[in-house]
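The values are calculated or read from the model by the stated rules, or taken from the named source; none is laboratory data. In this text the structure is predicted, and so the values were computed from the model without any measurement. We place every Cβ from the backbone using ideal geometry, glycine too, and count neighbours over all the protein chains shown.
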Amino acid sequence: MQVFTRIIRVRNEEVEREIKLLREVALALRNGEVVAFPTETVYGLGANATNSEAVKKIFELKNRPSDNPLIVHVSSKEEIGKCAVVSNEVEETIINTLMPGPITVILRKKEVISPLVTAGLDTVGIRVPYNTIAQKLIELSGVPVCAPSANISGKPSATDSQTVIEEFSGRIPFIIDGGRTHIGIESTVVMVKEEERRFSVLILRPGFVTKEDIEEAINTRRFSKPVEINYSEEFSVDTPLSPGQKYRHYSPVSHVVIVKNIKNIEPIVKELRNGKIGILGRPKFLKEVRRFLEYINVKNILEIEWCKYDLIDCARNLFFAYRMFDRENAVLILVENLEESGIGYSIMNRVKKSATYIV
Ligand code: TXA
Ligand code: MG
């Protein structure tokens, strides 16, 4: 069914000026409509998490497998207790030190949250975004808001309104355009397990909040038992702890190739040389790859500079660049292999999941 979509342009500094419009969107959200809005990480496709009919629409709109649970967003830390139970001192510390912000904590779910949100699990991912538009919208709606990234399942997350419009215009009543998102990759997802002799913090999805940031937060106080922090991917588990981990992700239409050694790209590029070849990297990488492509007679090249300053820029630009390559019909994207420390670890986690080859 075709719906008329209103696109509402708001900037973070102007939230109070646009309060009447936001109130209208919040009311629709409360009453069971799905609306798209910016957060500091990526755009979200939000619905009232207490209303199963509304939640169902999200899975249909995104074509999302129903066993992949959604994150519930609340407007402040004080609201968390309405949706979930904080069970121990480590969860409490992570919440107090790192929220609001780009982190999601898996907690024990309360009854009010629709079972569709959590795909039947007894836990729920909770996040308090710091983006002012998101905070105000959720606050005005008066309900917890479940929101996955605002993209068709499997595609790169939406970090600008144009992408959301391309995928959801005519399908939902409101899209809030808040410009490009600051962080550009999704929140860090963590789960705390209390064991007999220790607390174990598992990073289920790395994000802008790094392992080092979590360590620092943990070190702000003393606990009754030692606290260990690990990436869940380092453990082999038959059933993934975070159901989202088992699906192919973040993939543009173009094939992504991670380049460790430039000399190895020749066979792949030769096969596709008639199409447009994309390059995503820092200036030195761009220059070296371009020189090599020209040497093997590739003419149709599209370069995107991944960052001007540091890895924070790389995070911000990754999905935005993937979407640009797709709009330009690149057949291949040659991506620089970044150092996997700090935020670089989280960025490369996304790139690897989207990649067809590593050479
Ligand atoms: O930054 C973000 O987190 C964005 C913005 C919109 O807030 N949202 C987002 O949602 O990335 P989504 O649905 O694309 O990713 C949610 C991730 C999935 O990997 C899912 O499996 C995991 O969180 N997750 C959600 N609830 C969970 C639970 N109860 N237990 C384990 N993993 C869970
Ligand atoms: Mg997603």
(request) Test Arg197 against the criterion of being charged (D, E, K, R), under 15 Å from the mean Cα position of the chain (by Cα) and closer than 27 Å to Ala84 by Cα, and give yes or no. (result) no
(request) Those residues that are within 16 Å of ligand 1 (Cβ to nearest atom) and surrounded by fewer than 19 Cβ atoms within 10 Å (Cβ to Cβ), I need them from region 214-230; list them, please. (result) Asn230
(request) Of all residues in region 12-37, count the ones that are assigned to a loop (DSSP other than H, G, I, E, B), in contact with a strand residue (DSSP E or B) (Cβ under 9 Å, 6 or more places away or on another chain) and more than 15 Å from Glu139 (Cβ to Cβ). (result) 4
(message) Filter region 20-45 down to the residues that are among the aliphatic types (A, V, I, L, M), surrounded by 14 or more Cβ atoms within 10 Å (Cβ to Cβ) and touching a residue at least 24 places away in the same chain (Cβ under 8 Å) and list them by number.
(response) Leu22, Val25, Ala26, Ala28, Leu29, Val34, Val35, Ala36, Val42, Leu45
(message) All but one of (1) buried (at least 17 other Cβ atoms within 10 Å of the Cβ); (2) farther than 16 Å from Val189 by Cα; (3) modelled with pLDDT of 95 or more hold for Ile71; state the number of the condition that does not hold.
(response) (2)
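Out of Val335, Val331, report the one residue that is closer than 22 Å to Lys155 by Cβ and touching a helix residue (DSSP H, G or I) at 6+ places or on another chain (Cβ under 6 Å).
Val335
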(message) I'd like to verify a number: residues in region 341-359 that are modelled with pLDDT of 95 or more and more than 13 Å from the chain's Cα centre (by Cα), how many?
(response) 4
(message) Given the criterion more than 20 Å from Gly154 (Cβ to Cβ) and either within 18 Å of the chain's Cα centre (by Cα) or surrounded by 18 or more Cβ atoms within 10 Å (Cβ to Cβ) (or both), identify the matching residue among Leu293, Leu318.
(response) Leu293
(request) All but one of (1) of a type in the set (D, E, K, R); (2) at pLDDT 95 or above; (3) surrounded by 14 or more Cβ atoms within 10 Å (Cβ to Cβ) hold for Lys287, so report the exception by its number. (result) (3)
(request) Please specify each residue of region 46-64 satisfying the condition of being of a type outside the set (A, V, I, L, M) and surrounded by 14 or more Cβ atoms within 10 Å (Cβ to Cβ). (result) Gly46, Asn48, Thr50, Asn51, Ser52, Lys56, Lys57, Phe59, Lys62, Arg64
(message) So, Ile268, is that one farther than 15 Å from Val190 by Cα, among the aliphatic types (A, V, I, L, M) and either at pLDDT below 95 or away from ligand 1 (no atom under 14 Å from the Cβ) (or both) or not?
(response) yes
(request) For Phe4, indicate whether it is among the aromatic types (Phe, Trp, Tyr), within 16 Å of ligand 2 (Cβ to nearest atom) and either in a helix (DSSP H, G or I) or within 20 Å of Phe174 (Cβ to Cβ) (or both). (result) no
(request) Report the residue count in region 339-358 for those that are crowded, with 17+ Cβ neighbours inside 10 Å and either under 29 Å from Lys299 (Cβ atoms) or β-branched (Val, Ile, Thr) (or both). (result) 5
(message) So, in region 323-338, how many residues would count as being within 22 Å of His182 (Cα to Cα), in contact with a strand residue (DSSP E or B) (Cβ under 7 Å, 6 or more places away or on another chain) and either crowded, with 22+ Cβ neighbours inside 10 Å or of a type in the set (Asp, Glu) (or both)?
(response) 3
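Conditions tested, residue by residue: (1) under 30 Å from Asn219 (Cβ atoms); (2) at pLDDT 95 or above; (3) within 16 Å of ligand 2 (Cβ to nearest atom); (4) surrounded by 18 or more Cβ atoms within 10 Å (Cβ to Cβ).
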site	(1), (2), (3), (4)
Gly101	yes, yes, no, yes
Ala147	no, yes, yes, yes
Ile152	no, yes, yes, no
Asp160	no, yes, yes, yes
(request) Could you pull out the residue among Thr50, Thr93 that is away from ligand 1 (no atom under 12 Å from the Cβ), in contact with a helix residue (DSSP H, G or I) (Cβ under 7 Å, 6 or more places away or on another chain) and farther than 30 Å from Phe320 by Cβ? (result) Thr93
(request) Go through Ser141, Ser200, Ser187, Ser161 for me and flag whichever is within 10 Å of ligand 1 (Cβ to nearest atom) and either out of contact with any His (no Cβ under 6 Å at 6 or more places or on another chain) or without any contact (Cβ under 8 Å) to a residue 60 or more places away in the chain (or both). (result) Ser187
(message) Being away from ligand 2 (no atom under 15 Å from the Cβ) and under 18 Å from Phe168 (Cα atoms) narrows it down to one residue among Val55, Val124, Val85; which is it?
(response) Val55
